[in-house]
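A quick write-up on the structure given underneath.
The values are calculated or read from the model by the stated rules, or taken from the named source; none is laboratory data. This one's a predicted model, so the numbers in the text were calculated from it and none came from an experiment. Quick reminder, even Gly has a Cβ in these numbers, built from the backbone with ideal geometry, and neighbours come from all protein chains shown.
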Amino acid sequence: MLTRRHIRIKVMQALFSFYQGDQKNPKVALNALDESIQNIYNLYLYELKIFWHFHSFLKERLQIEKTKKIPNLKRQARIDSLLNMPFMQALVLDKEVLRAWDKNIINWDDDIDMIRGAFFSFWSKEAHSDWFLSESVPNEQDGVIWFKKFYSDAIANNLSIQSYYEDLNIHWSDDIDAAQMMAVQTLQNAKTGKPLLVKLFKDKEDKIFAQMLFTKSIESHLNLMERVRSKSEKWDYERLAPLDRCIIEQSLVEVINAQEVPVKVTINEAIELAKQYSTEKSPGFINGLLDSLISDMVQEGKVKKVGRGLID
C-alpha cells in the first residue's frame with residue numbers, strides 16, 4: 001500500500017502539472033490526480049503478472065529436468081517445491097487476482113519475450129546455485145526469501161522492464177518503488193494466509209489526505225503565495241523554482257489541516273521531496289522558509305495539532 005511519502009509525491013506532481021499546464025479546472029485536475037494514483041495499482045498488477053508468467057516458466061524447467069538423460073533429482077525437488085509454495089499457488093488460482101488482471105487489461109502478451117529473457121538470464125546462473133543442490137525441503141519462509149531474490153535480481157532492477165513501464169506511463173519511473181513494495185507485501189500475505197491483493201491505500205484517511213492536500217493547496221494558493229513573498233525578500237516569488245513553490249504550499253496546507261501529523265514530519269518530508277526532485281540548494285531554502293512561516297502561523301493560532309501531531 002502507498003505510504004504518505006508516495007502520496008505527497010503524487011500531490012506535488014499534480015500541483016506542478018496544474019500550475020504549469022493549460023487545464024485550470026480544479027475538479028478535472030483532482031480527477032487526474034486520482035487516476036494517477038490508481039495507475040500505481042495497475043503497475044503493481046503488472047509486477048504480479050510477471051510472477052504468473054514465471055510460474056509457467058518454472059513448470060517448463062521442471063519438465064525439461066524430468067526429460068534429461070541424467071535428471072538432477074535435487075533440482076527437480078526444489079523446482080517442484082517452488083511451484084507448490086502458497087504464493088505461487090494462490091497467484092495462479094486466486095479469483096480476485098485474475099479478475100483484477102482482466103478488469104484492468106493487464107498482460108505481457110506483446111512483450112513476453114522481454115520477460116522471458118529476464119527469466120532465462122536469471123535461471124542460467126541460479127539453476128546451478130547451491131540452493132538447487134540442497135537435499136533439504138524448503139519451508140515457506142525459504143520460498144519467500146528465494147522469490148524475493150528472484151524479484152530483486154531479475155525484475156526489480158531490470159532496465160528493459162523499467163523502460164517499458166516509462167513508455168506506458170511517464171510517471172511510472174517515480175511509482176515503481178511503491179508498486180514493488182506492494183508486490184513484496186503480496187509475497188508475505190500469501191505466507192500468512194491474508195488476502196493476496198494489497199490495498200492501494202492503508203485506509204480511507206490516506207485517500208482523504210491526498211485529496212485534501214491537493215484541493216486546499218489550490219484553494220489557498222493566493223494566500224500562501226503572499227505569505228511566501230513576505231518571507232523571501234531576497235527571492236522574487238516568481239523566480240522560485242516552480243516545484244519548490246508546490247512543495248512549500250502543500251507543506252503549509254499539511255501543517256494547518258493534517259492535525260495528526262507532527263510539524264517536524266511535514267518539514268522533513270518537504271526536505272526529502274526537494275532533495276529528490278528539485279535543485280541542490282532547494283532543501284536548505286525550503287527548510288528555512290517553512291520554519292519561519294510555520295512559526296508565524298503557530299503564533300497566529302492557525303496550527304492546531306492533536307494526538308501524534310502534538311509531538312514537537
Residue in the range 293-302 that is among the β-branched types (Val, Ile, Thr) and touching a Leu at 6+ places or on another chain (Cβ under 9 Å) present: yes
Close pairs from the range 284-305: first part of a helix (DSSP H, G or I), partner polar (S, T, N, Q) and surrounded by 14 or more Cβ atoms within 10 Å (Cβ to Cβ), Cβ under 6 Å, at least 6 apart: Leu290/Ser251
Scope the range 259-286; condition closer than 20 Å to Ala14 by Cα, among the hydrophobic types (A, V, I, L, M, F, W, C) and at pLDDT below 95; matching residues: Ile286
Answer residue from the range 7-58, given it is without any contact (Cβ under 8 Å) to a residue 12 or more places away in the chain and assigned to a helix (DSSP H, G or I) and is surrounded by the most Cβ atoms within 10 Å (Cβ to Cβ) among those: Ser56
Leu91 closer than 19 Å to Ala183 by Cα and either assigned to a helix (DSSP H, G or I) or at pLDDT below 95 (or both): yes
Identity of the residue in the range 189-230, farther than 26 Å from Pro26 by Cα and of a type in the set (Val, Ile, Thr), that ends up surrounded by the fewest Cβ atoms within 10 Å (Cβ to Cβ): Thr192
Condition met for Ser152 (farther than 18 Å from Phe51 by Cβ, part of a helix (DSSP H, G or I) and under 24 Å from the mean Cα position of the chain (by Cα)): no
The range 135-163, subset exposed (fewer than 14 other Cβ atoms within 10 Å of the Cβ) and of a type in the set (Gly, Ala, Ser), residue farthest from Ile176 (Cα to Cα): Ser136
Single match in Val303, Val298 (criterion: surrounded by 17 or more Cβ atoms within 10 Å (Cβ to Cβ) and β-branched (Val, Ile, Thr)): Val303
Criterion: out of contact with any Pro (no Cβ under 9 Å at 6 or more places or on another chain) and either of a type in the set (Phe, Trp, Tyr) or not assigned by TED's automatic domain parsing to the domain that holds His55 (or both) - qualifying residue of Ala241, Ala178, Ala270: Ala241
